[in-house]
Each structure stands twice: as C-alpha cells, then as structure tokens.
Amino acid sequence: MRAVRWGYAAALAALCAPVAFSAALPEGRALYVTRWYMKDAGQVAGAVAYAADHGFNMLFCQVLGDARALYDSTVTVRSPLVAPDFDALREAVARGHEEGLEVHAYINTVNVWSGSLGYPPEPEHIINAHPEWSAENADGVRDVDLAATADAFVSYCPREPGFVAFLAAIVEEIVANYDVDGVHLDYIRYLSDRHCFCPRHLAAFRAVYGRDPVPGEEVFARFCEDDVSALVGSLNAAAKAVRPRCTLSATLIYPSRRKGQDAQRWLEEGLIDIAVPMLYTADMAVFETSLRWFHERSGGRHLMPSIGASYGVVGAEIDIARAVGAEGAALFASSSVTDAVTADIDARYAAAAPVPPYPWLDGSPDTVPPVISAVRGMPFGSQEATVLWHTDERTDGRVEYGATAAYGATAAVTTLVFEHSVTLGGLAPATTYHFRVRSSDEAGNESMSGDFTFATAAEGGGEVIIDDNDADMTFTGSWIKGSSAGGYGDDYYWTTDQPATTARAEYRPYLPLGGEWEVSVTYVPGTNRVVDAPYTVEYDGGSETVTVDQKTRAEEWIVLGAYEFAEGWGAAVVLGNMSSGGDVVVADAVKWTYAGAPPNPPFIRGDANADGRIDLADAIAILGYLFASQTPKACLDALDVADNGKIDISNAIRLLGYLFAQGLPPAPPFPGAGHDPTPTDPYTCGD
C-alpha cells in the first residue's frame with residue numbers, strides 16, 4: 001500500500017543526466033546529520049539551512065549514540081558532546097519544522113558503545129549499570145568486556161527483556177516529549193554472524209532443541225534473527241502507542257538475513273514504515289541490483305536507499321532510485337557533502353517536493369499498483385503445473401494461460417498474499433504453454449506481467465529443480481561465479497570454507513504436493529573441493545544436516561535422503577561453508593523428486609461447475625446434482641465442500657454461508673487448486 005512511485009526507466013545503464021520531475025510529485029529527500037555535527041545551535045542551524053536551501057524535506061538527526069543522549073533524557077545518560085543546557089533534538093525539531101522539514105530522531109540501538117572512547121565514566125551508563133545485558137560471541141567473549149578495547153564495538157542482547165525495555169523507553173520518551181515526525185533506527189542488528197551466544201540465548205535454544213547451538217548453523221541463525229525482529233516490533237509498538245502516525249524507519253544491510261536482520265519480514269509484517277538500505281557503492285550495477293531486491297520485497301512500505309555522499313555518484317544513484325520506483329533517497333551524511341555533491345543535488349531537487357504520504361498510517365488513498373516479480377511456471381509431470389510469483393504488497397492472483405499468447409483459460413486465487421501459487425490442472429502432455437499473471441491489491445490497483453512459457457513432460461514423473469540463478473534460490477555472504485565449464489544449467493558458484501558459516505546458499509522450492517520427496521544435489525568437479533559440504537534439509541517437522549564429499553561423484557545427482565514435506569513453501573535445503581578441510585564449497589542445483597503414490601488431479605473445493613471461481617453458480621450446481629440428477633462438470637470431491645466424505649444439502653448451505661454470511665470457507669484445497677489432503681475419502685478426482 002503506497003501512495004506514489006516513480007516510473008520505470010527503460011535503460012538504467014544509460015542514465016547520464018538528471019531526471020527532472022514535477023514539483024507536485026511526492027518524494028522523500030532525507031539528509032543524515034550525525035551527532036558530531038549536532039553539538040550546538042550553530043551546527044544544527046547550519047544543517048537545517050543546508051537542507052532547506054537544497055531541496056531536502058527530511059532530516060535524520062542523530063540524537064543517541066553510544067547510549068548517550070543529545071537531548072533531555074530520563075532513561076539514559078547525557079552525551080558529553082552537548083552542553084548541559086543544550087537540547088539538540090528540541091533545537092532540530094523547532095528549526096526544521098520552521099523550514100518545512102520533517103525531523104526524525106536517529107538513534108543507535110543494539111550497538112551501545114565504541115571501545116575507542118575508553119570505558120564510560122558515568123556510573124549510570126548502561127555499560128556500568130547493566131553489564132549482564134551484554135551480547136556474547138561464539139568464542140564466549142562478552143562484548144561488554146571489550147568496552148575499553150580500541151576499535152571494538154559493544155552490543156547488547158535483543159533477547160534480554162531489560163534491554164528491550166530500555167530501548168522502548170527511549171523511543172517512548174522521544175515521541176512523547178518531542179514533536180518528531182519519526183524515529184530512525186541504526187545498528188538494529190548483531191555486530192556479527194557469530195552473535196549472540198549469551199546465557200539467555202543458549203538456555204532458550206536448549207529449551208526448544210534439547211542441545212547447544214553450533215556456531216554458524218542455520219537453525220541458530222534464524223533463532224537469533226527472531227529476537228531482532230521482535231525488538232523491532234517492540235520499538236514500533238512503543239512509538240505508535242504514543243503517536244499512531246509516527247513513522248519508524250531503519251537502516252538495512254544487503255544481502256539481508258545476516259546479523260539478525262530479515263528486511264523482508266519487517267516490511268511485510270509492517271514492523272517498519274520506511275526501509276533505508278545502506279547501499280554505499282560507486283558501482284551502478286550493484287546499486288541497482290541491490291535496490292531492486294528491496295523494491296520487490298517492500299511490503300508496500302516506503303523505500304529510500306541511503307546513498308554515500310563520499311562515493312561521488314550521488315546524482316546518478318538518485319536517478320536510479322527514481323527509475324526503479326523508490327519513494328526517495330537518504331544522503332549520508334551532511335559532513336561529507338562537497339560542492340560536486342551539492343551540484344548533483346541542486347540539479348535534481350530544484351523543484352520542491354512534499355514527503356510521500358503513508359496510506360497505512362494517515363488513511364490517504366493508495367493509488368499505486370503492486371510490483372510483480374519472480375514469475376515462473378513450474379511443470380509437475382505431464383498434466384499439471386504451478387505458476388509462482390511475488391508481489392511487493394498483498395494482492396490476489398490470476399493466471400491467464402493457453403497454447404498460444406492469446407491464452408484463453410484463467411485460474412485465480414482471491415486471497416491477498418505476497419507469495420502466489422496457482423495450480424493448473426488438465427494440461428496436455430509434452431506441450432508448451434504461454435501464461436501471464438495479474439495481481440490487484442486491496443485498493444483495486446492492478447499490475448500485469450509479460451508473457452512467459454513452460455512445457456509439460458511427455459509422461460509421468462514429478463520433480464522440482466532449483467538452480468543457482470533461480471528465483472527460489474538466494475545467496476548470502478560472498479559467492480563467486482565459477483570460471484570452469486560445467487554445472488547444471490552450465491554454471492555454478494563457489495565460496496571458501498571457514499571454521500564457522502559465513503556464506504549460505506538457500507534453496508526454497510514450492511512443492512505442489514505433500515508427501516515423501518527424495519532430495520538430491522549436484523556440483524562441479526575439482527581437486528580443491530571440501531570433503532564435508534554441509535547441506536541442511538528442512539522438512540516437515542524437523543531438519544537434518546548431511547555432509548557430502550564434493551571431491552567425488554561430481555556432476556551426478558547425489559541423494560541426501562527421502563523426507564516428508566508439506567505442500568507449499570515449507571521445504572528448504574541450505575548449503576553453508578563451514579567445513580573441516582579443503583578449499584572450496586560449490587553451490588549448483590538441488591532436486592526434489594516425488595516418491596509417493598501418483599497424485600490425483602488438482603481441483604478447487606467448492607468449484608462445482610469447474611469454472612475456476614466460487615460463486616452462486618456452484619451452490620446451484622450442487623443442488624442440481626442432488627435434486628435434478630445433473631452431472632457435475634467438476635469431480636465429485638469438489639462438491640464435498642466440508643471434506644467430510646458426504647455430498648448433501650449441507651454442502652450448498654455452507655457455500656452460501658461463505659458467500660453471503662461470512663461463514664466458513666470450503667475446506668482445502670481452497671481458494672486455489674490443489675490436491676486432496678484426504679485422499680482416502682469416498683470421492684476422488686482421478687481419471
């Protein structure tokens with residue numbers, strides 16, 4: 001749900017001139033002002049004047065660093081950067097609002113101290129008052145014990161209730177006592193992927209899994225990730241409890257899902273209102289690729305990439321942000337601005353622009369269509385396929401498909417979701433199908449994809465293969481594309497092994513059918529491969545790590561095992577780079593092969609007339625079957641609305657109740673096509 005989005009540019013690589021826009025089009029234009037430039041009224045006045053004179057409309061003013069406040073706080077100690085009688089935040093809000101600028105209080109969160117400052121002398125400082133809240137690394141070293149170590153940073157644990165309450169109280173007092181427009185979170189993450197092994201985390205993990213965590217393992221990384229997400233939720237709730245329209249923004253790292261950050265989750269769950277990914281690079285291709293990742297996963301929230309002023313490409317990156325469709329950009333920082341940067345800014349911000357509205361907060365109309373991405377068709381056997389895609393906000397989904405680009409058939413799911421799966425049944429074997437997808441959000445804004453194709457198999461069988469460049473596969477950490485020939489799809493990626501996991505390759509398929517699947521992997525030969533590449537299989541109800549000797553049997557499908565999986569998105573294989581020897585871990589393709597009994601064709605429960613929709617006509621078709629001896633167009637299982645093994649008038653009544661009285665919906669498979677979860681009942685959709 002967004003209020004405005006810039007249009008796409010046809011050739012971003014060719015951007016070489018400022019992109020001019022109407023003054024009426026909203027755009028977030030934020031300028032960071034760090035705490036070292038907020039020390040007195042003169043510095044604050046200078047930052048505000050620069051922002052106002054050069055077209056900015058937002059300020060991110062740092063008023064909390066090293067757990068010391070540059071404002072009047074009753075929660076934490078006062079920063080020595082400001083005089084006892086000077087309140088930097090009050091000054092910034094007053095001057096900024098006078099100039100028509102939004103002012104956001106920028107605070108450091110999990111990072112509470114810099115060792116280069118020496119030990120904090122204040123007894124009330126969190127380092128002295130609560131050392132037991134410290135985070136701890138995998139080597140058993142508490143961060144707080146490094147508080148006087150040069151170049152060390154001290155982080156506190158987001159699982160510690162006292163620390164969560166401390167940060168929430170800071171947010172509450174800022175929003176309650178100052179007319180800020182938002183709160184901006186920085187360092188809302190662990191300091192490394194080897195955090196946090198504090199006693200709280202170890203005890204909590206043991207309680208769930210009955211064992212100690214292993215440094216670098218996927219399960220523990222996700223376990224710790226949940227705590228950071230919960231902290232973000234707590235801070236958002238603290239701000240909104242005082243002022244519901246106060247925005248919460250956060251700096252984000254890329255790739256995500258490192259150091260406890262899960263940007264997609266925060267956005268899709270509405271935990272933050274503005275995503276500010278730190279995309280500090282002079283490489284335009286890297287900047288665009290990274291920005292598009294966030295844009296496609298924005299959850300309908302605002303996206304404003306943080307651009308480094310010192311990289312010399314501010315203007316070009318603002319142009320790319322506009323072309324991709326971001327709601328604005330944030331310049332880091334006022335202290336790094338040069339005459340060249342100012343010229344770039346003036347060329348793009350000459351016309352004034354209002355800050356974009358926030359429909360989910362202020363009730364303004366949502367006029368922006370969703371962003372469709374990752375469209376793919378996944379054939380399963382000879383007569384079935386599942387079409388998958390992602391939208392950046394919750395939408396419905398429709399697939400138009402046929403033997404030509406004229407399509408002719410439609411399948412739809414009305415549920416509003418981010419991840420879409422629509423199953424197509426009754427397809428012809430050995431046939432190429434064209435398809436496109438449509439999605440509409442809650443406000444009725446619609447987007448449509450281009451034309452895609454898939455081909456059904458000639459006969460039987462069912463397998464799902466994810467290769468290293470597919471939409472359902474993601475890399476975190478450092479991976480390099482292989483230069484040698486070979487690999488599934490003629491390519492592969494590699495990384496160096498480490499004593500703890502620093503890089504992951506995640507394969508997360510959509511499985512069209514629940515049951516037993518055989519999981520196998522392939523990789524490329526080489527004498528420098530590891531002998532114990534760790535593949536973690538996540539199945540229905542658990543996980544298992546299987547090590548593979550990548551020096552041998554290369555470029556064959558190596559079976560990891562057979563596992564039970566639920567239908568849908570729950571399956572995964574995660575390859576890490578934690579190894580005991582060798583040099584290189586190779587990521588190529590992973591295959592799931594269905595090992596259960598051949599499934600019956602997919603259907604939609606309640607779709608009694610087999611037109612792909614649930615409406616009054618379906619209730620009439622059920623009644624016609626019961627009382628007029630009419631032959632249903634759908635299989636009988638579709639008429640068993642409650643999936644209780646009976647077809648009687650109660651099925652029509654339940655359907656009518658769902659349609660007109662907010663009653664129970666049909667039992668699965670619904671609202672999209674799928675396989676019968678109770679195949680032993682009296683009715684089937686077999687041939």
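Quick notes on this structure:
- Scan of the stretch 653-675 for residues that are over 30 Å from residue 383 (Cα atoms) and either within 40 Å of the chain's Cα centre (by Cα) or at pLDDT below 90 (or both), ordered by number: 654, 656, 657, 658, 659, 660, 661, 662, 663, 664
- Just one of the listed residues (659, 655) is touching a residue at least 12 places away in the same chain (Cβ under 8 Å), assigned to a helix (DSSP H, G or I), surrounded by fewer than 18 Cβ atoms within 10 Å (Cβ to Cβ) and not polar (S, T, N, Q), namely 659.
- Once the stretch 109-143 is narrowed to residues that are among the hydrophobic types (A, V, I, L, M, F, W, C), closer than 16 Å to residue 202 by Cα and part of a loop (DSSP other than H, G, I, E, B), the residue that is least open to solvent (accessible area, probe 1.4 Å) is 135.
- Identification of strands (runs of 3 or more DSSP E) wholly contained in the stretch 252-341 with 1 or more residues that are over 24 Å from residue 56 (Cβ atoms) and open to solvent by less than 10 Å² (accessible area, probe 1.4 Å) yields no element.
- Residue in the stretch 10-28 that is part of a helix (DSSP H, G or I), surrounded by fewer than 18 Cβ atoms within 10 Å (Cβ to Cβ) and at pLDDT 95 or above present: no
Okay, residues lined up against (1) at pLDDT 95 or above; (2) out of contact with any Asp or Glu (no Cβ under 6 Å at 6 or more places or on another chain); (3) farther than 30 Å from residue 30 by Cβ:
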residue: 76; (1), (2), (3): yes, yes, no
residue: 81; (1), (2), (3): yes, yes, no
residue: 87; (1), (2), (3): yes, no, no
residue: 90; (1), (2), (3): yes, yes, no
residue: 107; (1), (2), (3): yes, yes, no
residue: 126; (1), (2), (3): yes, yes, no
residue: 130; (1), (2), (3): yes, yes, yes
residue: 133; (1), (2), (3): yes, no, yes
residue: 138; (1), (2), (3): no, yes, yes
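- Residue ID - farthest from the chain's Cα centre (by Cα), chosen from residues in the stretch 468-486 that are acidic (Asp, Glu) and open to solvent by 20 Å² or more (accessible area, probe 1.4 Å): 470
- Check on residue 561, outside any loop (DSSP other than H, G, I, E, B) and out of contact with any Phe, Trp or Tyr (no Cβ under 6 Å at 6 or more places or on another chain): yes
- Test: residue in the stretch 445-466 that is open to solvent by less than 20 Å² (accessible area, probe 1.4 Å) and free of Cβ contacts under 8 Å to residues at least 60 places away in the same chain: no
- Filtered residues of the stretch 451-487 (kept if aromatic (Phe, Trp, Tyr) and over 25 Å from residue 601 (Cα atoms)): 475, 479
- Qualifying residues in the stretch 526-560 (those that are more than 31 Å from the chain's Cα centre (by Cα) and of a type in the set (Asp, Glu)) - the one modelled with the highest pLDDT: 549
- Listed by position, the strands (runs of 3 or more DSSP E) inside the stretch 487-551 whose residues that are closer than 20 Å to residue 257 by Cβ and either open to solvent by 10 Å² or more (accessible area, probe 1.4 Å) or not hydroxyl-bearing (Ser, Thr, Tyr) (or both) number at least 1 are 493-496, 504-507, 533-539, 542-548.
The values are calculated or read from the model by the stated rules, or taken from the named source; none is laboratory data. The structure displayed is predicted, hence computed values, not measured ones. Backbone-built Cβ (ideal geometry, glycine too); neighbour counts: all protein chains shown. These area figures cover heavy atoms from the full protein model, side chains too; ligands, DNA and RNA do not enter into them. Shrake-Rupley method; radii C 1.70, N 1.55, O 1.52, S 1.80 Å.
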